[in-house]
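The values are calculated or read from the model by the stated rules, or taken from the named source; none is laboratory data. Since this is a predicted model, take the numbers as computed values, not measurements. Don't worry about glycine lacking a Cβ; one is built from the backbone with ideal geometry, like all the others, and counts go over all protein chains shown.
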Amino acid sequence: MMKKIYALLLFLSFHSYICFAQQTGDEEENKVEMVKMAYMTKELNLTPQEAQNFWPVYNNYQNELKQARSKYPNDEVAFEKKAVEIKERYQGNFKKVLGNQRANKVYTSDKQFNNTLRNELNNRRKNTQNFQQQRLNQTQKDNGNNIPNKNIKRGNGNKKPHTPF
């Protein structure tokens, strides 16, 4: 029962993040980090003591991955090699905090979260593009109806125009 409540709270917090309008870069990044912390805490089933020991190690791991990405921005193979080295080095640290099974789950949970986030961002882009296209189509349609067509014959000129009321 407690796990269901926790999962529901996690879902609601993640859902509320998704529903917010686009934020500035720092605000958006902070929200993503908060959602990621909740997600990883749930996925790894961290106790408060484990969380206290886990997050500094995980943050260092993430920082090293970011540095590797910035060092090899256009060389995916070199970045992946460096990422594997970093993962191997941190695996022992994660095992000390979480044990063998959950140490491996750090990497799969991280990947799942990133894939979910990427899919969400892609869906938002598609929805924004669809919305913009609909507005453009509606504007063009509206503009087309407001332009009088001079080629339409309007009567013989002797009669008064018919009023609809």
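When ASN143, ASN122 are checked against the criterion of being out of contact with any helix residue (DSSP H, G or I) (no Cβ under 7 Å at 6 or more places or on another chain), in a helix (DSSP H, G or I), farther than 19 Å from GLU33 by Cα and modelled with pLDDT under 95, ASN143 stands alone in meeting it.
Checking each residue in the stretch 87-129 for being hydrophobic (A, V, I, L, M, F, W, C) and either touching a strand residue (DSSP E or B) at 6+ places or on another chain (Cβ under 7 Å) or more than 22 Å from ASN60 (Cβ to Cβ) (or both) picks out only LEU121. Take the conditions among the hydroxyl-bearing types (Ser, Thr, Tyr) and modelled with pLDDT of 95 or more and apply them to TYR39. Does it pass? The answer is no for TYR39. Inspection of the stretch 103-114 finds no residue satisfying the criterion of being free of Cβ contacts under 8 Å to residues at least 12 places away in the same chain, over 18 Å from LEU44 (Cα atoms), part of a helix (DSSP H, G or I) and within 23 Å of the chain's Cα centre (by Cα). Among the residues that make up the stretch 44-62, is at least one of them free of Cβ contacts under 8 Å to residues at least 24 places away in the same chain, surrounded by 17 or more Cβ atoms within 10 Å (Cβ to Cβ) and assigned to a helix (DSSP H, G or I)? No, the stretch 44-62 contains no residue that is free of Cβ contacts under 8 Å to residues at least 24 places away in the same chain, surrounded by 17 or more Cβ atoms within 10 Å (Cβ to Cβ) and assigned to a helix (DSSP H, G or I). Among the numbered conditions (1) at pLDDT 90 or above; (2) surrounded by fewer than 11 Cβ atoms within 10 Å (Cβ to Cβ); (3) of a type in the set (Phe, Trp, Tyr), the only one that PHE94 does not meet is (2).
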